[in-house]
1. Looking at residue 56, is it in contact with an Asp or Glu (Cβ under 7 Å, 6 or more places away or on another chain), in a helix (DSSP H, G or I) and open to solvent by less than 30 Å² (accessible area, probe 1.4 Å)?
2. What are the residues in segment 61-104 that are open to solvent by less than 40 Å² (accessible area, probe 1.4 Å), closer than 30 Å to residue 39 by Cα and not β-branched (Val, Ile, Thr), if any?
3. Of all residues in segment 88-135, how many are under 25 Å from residue 69 (Cα atoms) and either more than 28 Å from the chain's Cα centre (by Cα) or without any contact (Cβ under 8 Å) to a residue 12 or more places away in the chain (or both)?
4. I'm trying to understand the selection: among the residues of segment 124-142, which are at pLDDT 85 or above and farther than 19 Å from residue 73 by Cβ?
5. Among the residues of segment 144-185, which ones are small (Gly, Ala, Ser), open to solvent by 30 Å² or more (accessible area, probe 1.4 Å) and at pLDDT 85 or above?
6. Only one of these is open to solvent by 50 Å² or more (accessible area, probe 1.4 Å), more than 23 Å from residue 171 (Cβ to Cβ) and out of contact with any helix residue (DSSP H, G or I) (no Cβ under 8 Å at 6 or more places or on another chain): 40, 29, 33. Name it.
7. Looking at the structure I just gave you, is residue 211 open to solvent by 30 Å² or more (accessible area, probe 1.4 Å), closer than 21 Å to residue 16 by Cα and modelled with pLDDT under 85?
8. Consider only pairs whose beta carbons are under 7 Å apart and that are at least six residues apart or on different chains; among these, list those whose first residue lies in segment 37-53 and is more than 14 Å from residue 152 (Cα to Cα) and whose second residue is open to solvent by 70 Å² or more (accessible area, probe 1.4 Å) and not small (Gly, Ala, Ser).
Amino acid sequence: DRLGRYSTGRLTSLVTHDVERTLLSIQSISVLISSLTAAILLLLIVFLLNLKFASVFLLLSVISSFSYSFILKKTHKRAVQLTEYSEGYQERFSDFIRFLEYWKITGSMVLALSKLSGAVIKYTSNRLRIVKLNAFVVSIKEAIGILVLIGSVIIDQRLFGDNISNGGLSVQVVLLYRTSNFANIAMVNLGVLSSTLPAFKNYLSIVSDFGT
C-alpha cells in the first residue's frame, strides 16, 4: 500500500505546504529564465559595442554575486527545515484531533497543546526567517547593481580613457543598467527558488510514487 508509506503529517503537509511552495518554485523558475535571458542579450549588445567596458562590468558583477551565495545557502538550509517542520506540526495537529478524547480523559490536554504549539512555533518562526532573508536580498539588490555600474564606469575611465560624456558610452551605461536590473530580478527569484525547492522535491517524490 503506497499510502501507508507516508505519515499523516507528510500527506497533510503535501496539500497545505508543498503545493503552495511548488507553485512558487515554478513561478520563480519562469521569471528566473526570462530575466537571465534578457540580461544576457543586453550584455551581448554592449559587448558588441564596447568589449572592454562590458568585460569590466561582467567581472564586477561576478564578484558581487558572491555576496548572495551565503544568503542563498542559508535560505536553502532553512527551507529544508521548513519542510520538515511542516510535516511535524501537521502530524502533531492530526494526533491532537484524533486522540482528543484521550487527552481529556487522561488530563493530558495541556501537554498535548504545548507540544502542538511548539511545533507550530517552530514552523512559523522558520518561515519568518526565510521571508526576512528573501527581503534582505530584495533590499540590497538595487544598491549592489548601482555600485557595480559606477565601479565599471570609473575603472573604464581610468584604464581605457573612455569619457562618460561620450554619447556611445552613455547608451552603454543605460543598457548595462537595464542588464543589472534583470540580473537583480534573477537573483531575487533564485532566492525564492532556493527557499521553495525542498518542498518542490518533496511534492515530486510523492506524486511520482503514486504514478500521477
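The values are calculated or read from the model by the stated rules, or taken from the named source; none is laboratory data. Just so we're clear, the structure is a prediction, and the values are computed from it rather than from any experiment. FYI the Cβ positions are ideal-geometry reconstructions off the backbone, even for glycines, and counts take in every protein chain you see. Accessible surface areas use protein heavy atoms only, side chains included; no ligands, DNA or RNA. Shrake-Rupley method; radii C 1.70, N 1.55, O 1.52, S 1.80 Å.
1. For residue 56, the condition - in contact with an Asp or Glu (Cβ under 7 Å, 6 or more places away or on another chain), in a helix (DSSP H, G or I) and open to solvent by less than 30 Å² (accessible area, probe 1.4 Å) - is met.
2. Hits for segment 61-104 are 61, 64, 68, 72, 79.
3. Residues in segment 88-135 being under 25 Å from residue 69 (Cα atoms) and either more than 28 Å from the chain's Cα centre (by Cα) or without any contact (Cβ under 8 Å) to a residue 12 or more places away in the chain (or both): 6 in total.
4. 124, 125
5. 183
6. 33
7. Yes; evaluated as a whole, the condition is true for this residue.
8. 42/178
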